[in-house]
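> Please find one structure pasted underneath; my questions will follow.
Nothing in this text is a laboratory measurement; each read-out follows from the coordinates by a stated rule. Nothing here was measured: the structure is a model prediction, and the numbers come from that model. Neighbour counts run over all protein chains shown; Cβ positions are idealised from the backbone, glycine included.
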Amino acid sequence: MTDTTTGLPVIVLVSAEHSETLLEVFFRYSREYDLRTATSCAGACEVVESALAAGQQVALLVSDSRLPDVDSILRAFAEWRGLVPTARRIIAAPFDRFLTDAPGLRVGMAKGKYDAYLLMPRGTRDEEFHHAVTDLLSDWTWTTTDPDVVTAKIVGEEDDPVVHDIRDFFDRMGLPTRFATPDSEVGRHVGELFDEGAGYPRIWAANREPVVATSVREVARAFFDNEAERDLDARERPDVADVVVVGGGPAGLATAVYAASEGLSTVVLDGSAIGGQAGTSSMIRNYLGFPRGISGMRLAQRARNQALRFGTRFHTGWEVEELVAGRDGAPHVLRGSDFELSARSVVIASGVRYRHLGVPSVEERVGRGVNYGAAMSQSREMEDQDVVVVGGGNSAGQAAVHLARFARSVTICVRRPSLSETMSAYLVGEIEFNPRITVETCTEVVEAGGDAHLEWVSLRHTDSGERRRKSAYGLFLLLGAEPHCHWLPDEVARDRRGFVLTGREVPRERWLEDLPPPNLATSVPGIFAAGDVRAGSMKRVAAATGEGASVVPLVHAFLAPEPA
């Protein structure tokens, strides 16, 4: 429909009988996408190869549920995936086949063979259909392309760990950025805005003071600190907040939404990006209400915006270093290196951190090919490279599936005999289907090497002790979880691993009047815990969200107890 030299991303519409109908349906996208049609699997392959040869990207493949030259549309998707693994894939079934074809095809969606099963529109303005399309195009744009309009420009050395952390922070906060080295045209232009001799990395953004950053915390404060208070008169801010939430993951965000919506003055403190571990997930497919999945970043930012709407005050870049429990009705006090806040109640939702491997040759390459967490900002840099993911949980599985869109190969290393013990079945199935992903069970990483950047890792079989070297440009470590609660006082009871004890798990000698604390309450009155930081919690996003909401009635009961 458009000239192949335009450089626009391509949407391929495939149907032997309904290609013209699909072309009409997708006409609204024609200003920003190059719409191409094909009538068969082979024809679509030719279109894709032609677009790639012309230097265009293929964003989306939309196919009828049946094609004349393949016995199953899933076989066609497998061929197209081999040509362009980053493209999103939709089946748009015509009305007369939508119900009959669904049972045999929806199983393939659960295994990641395609992204959405939709009814081909039968009239104009089928916004439910287009909502699914725009969701997938948005996800493709965010993860695959360089942004046309950026919020910030980051100038520094490519292998600087601070640059790596800042880029990851901006990605998790949903802000499009562009990275440049100091000797590039962009780097020189940005450099003119800084004083002579200023260090790196340098952060520039419109309508903000340029920042020379030494940590993510500085950037977080420069961009996000106090944003909810800029329009709030100082006299309206309570000296003592009703509830301070420590941690901006799913549990903390749910607490903020429900507490603020019910009229409690609510403050959220987070030392880094909103979303916690969940915020690093490229695609969460089993969260209620999102049938096509949602990225952890988008889920977190939607929740944050919802909390802001109800009046929650967010302080990003505020790392809590000490909690002093109030006594005899006095408020609790939270302190950091340069702040102090008082709260009538506190919700500990600081979550967990990935456990470090502790191998010196690995640790010294963090930010130079070695990453703790999914580090989605690094995905595109893994194109045509070999990647190793260590971990057997859902986060590791999601990272592997996402990285396989770019990397030549992805190897998952797990110490257990199988993934099924710790990973959701839908992810195990998706991994088994993906030809770019292999799983090495009973295997651990024991060494890493490379000069300026990671080049290889050494793997050891835990049973035989056999070691072998494997090429790796990226190593992503998602190893278990350690509670992030070193700042808690001794009065808050914890188990031997450091997780916060609540309810009947609190040792009996710490009960008041021989009664256990409420389910999500700690050993200190007015201090509660929710989400992954709590001992015995289910390490899932939905469970953390549920606990974050469930803690609010307990906060209400503590703040305004019913008369005896």
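> Find the relative contact order for region 10-144 and round it to a whole percent, using C-alpha pairs within less than 8 Å whose residues are 6+ positions apart.
22 percent
> I've got another one for you. So what are the ³J(HN,Hα) numbers for region 200-214, from phi and the Karplus equation (6.51, -1.76, 1.60; θ = phi - 60°), rounded to whole Hz, Gly and Pro as x?
With coefficients 6.51, -1.76 and 1.60, one gets 10, x, 10, 10, 10, 8, 4, 6, 9, 5, x, 10, 9, 9, 10 Hz.
> Additional query: Quick check on region 56-113: what does the Kirkwood estimate of hydrodynamic radius come out to from the alpha carbon pairs, in Å?
In region 56-113 this quantity evaluates to 11.9 Å.
> Kindly express, to the nearest 10 degrees and within the range 0 to 90, the angle between helix 95-110's C-alpha long axis and the longest C-alpha principal axis of the chain.
That helix lies at roughly 60 degrees to the long axis.
> Still on this structure: With everything on Cα atoms, drop me the angle between helix 73-83 and the longest principal axis of the chain, reported from 0 to 90° to the nearest 10.
For helix 73-83, the angle is close to 80 degrees.
> So for region 437-559, averaging the separation of alpha carbon pairs under 8 Å that are six or more residues apart and normalising by length, what relative contact order in percent results?
Result for region 437-559 is 14 percent.
> Follow-up question, since we're still on this one. Using only Cα atoms, find the angle between the long axis of helix 127-144 and the longest principal axis of the chain, and express it within 0 to 90 degrees, rounded to the nearest 10.
80 degrees
> Taking the highest mean first, how do the peptides 104-114, 121-131, 477-487 order by number of other beta carbon atoms within 10 angstrom per residue? Please list the in-between numbers first.
Working: 104-114: 17.4, 121-131: 12.1, 477-487: 19.2.
In descending order of packing, they fall as 477-487, 104-114, 121-131.
> Once you have the Kirkwood Rh of the chain from its Cα pairs, apply Stokes-Einstein at 20 °C and 1.002 mPa s and quote D in µm²/s.
Rounded to a whole number, D works out at 84 µm²/s.
> Only helical DSSP H runs with n ≥ 4 go in: add -39500 (n - 2.57) per run for the chain, normalise by residue count and round the 222 nm mean residue ellipticity to 500 deg cm²/dmol.
Computed ellipticity for the chain at 222 nm equals -9000 deg cm²/dmol.
> Here is a further query. Quick one: Debye curve from the alpha-carbon atoms of region 360-477 only, equal weights, vacuum; give me log10 I(q)/I(0) at q = 0.10 Å⁻¹ to two decimals.
-0.25
> Right, another one. Please list 381-389, 345-353, 442-450 highest first by mean number of surrounding beta-carbon atoms within 10 Å per residue.
Answer by packing, highest mean first, reads 345-353, 381-389, 442-450.
> Quick one: which of 141-152, 291-302 comes out on top by average Cβ neighbours within 10 Å, and what's the full order, highest first?
Sorting 141-152, 291-302 by mean packing, highest first, produces 291-302, 141-152.
> Now for a different question. Restricting attention to region 421-500, which trypsin sites (Lys or Arg not before Pro) occupy a DSSP loop and are surrounded by at most 14 other Cβ atoms within 10 Å? Present the calculation step by step, with values, prior to reporting the outcome.
Values: sites: 436, 460, 467, 468, 469, 470, 494, 496, 497; in loops: 436, 496, 497.
Here the sparse-neighbourhood loop sites are 496, 497.
> Hand me the GluC sites (Glu not before Pro) from region 489-556 located in a DSSP loop with no more than 15 other Cβ atoms within 10 Å, in residue order please.
Details: sites: 491, 505, 509, 513, 547; in loops: 491, 513.
In loop regions of region 489-556 (DSSP not H, G, I, E or B), the sparsely surrounded GluC sites (Glu not before Pro) are 491, 513.
> Express as a percent, rounded to the nearest 5, the fraction of DSSP beta bridges in region 152-222 (both residues included) that run antiparallel. Write down the numbers at each step before the final one.
Values: 6 of 10 bridges.
So the antiparallel bridges in region 152-222 amount to around 60 percent.
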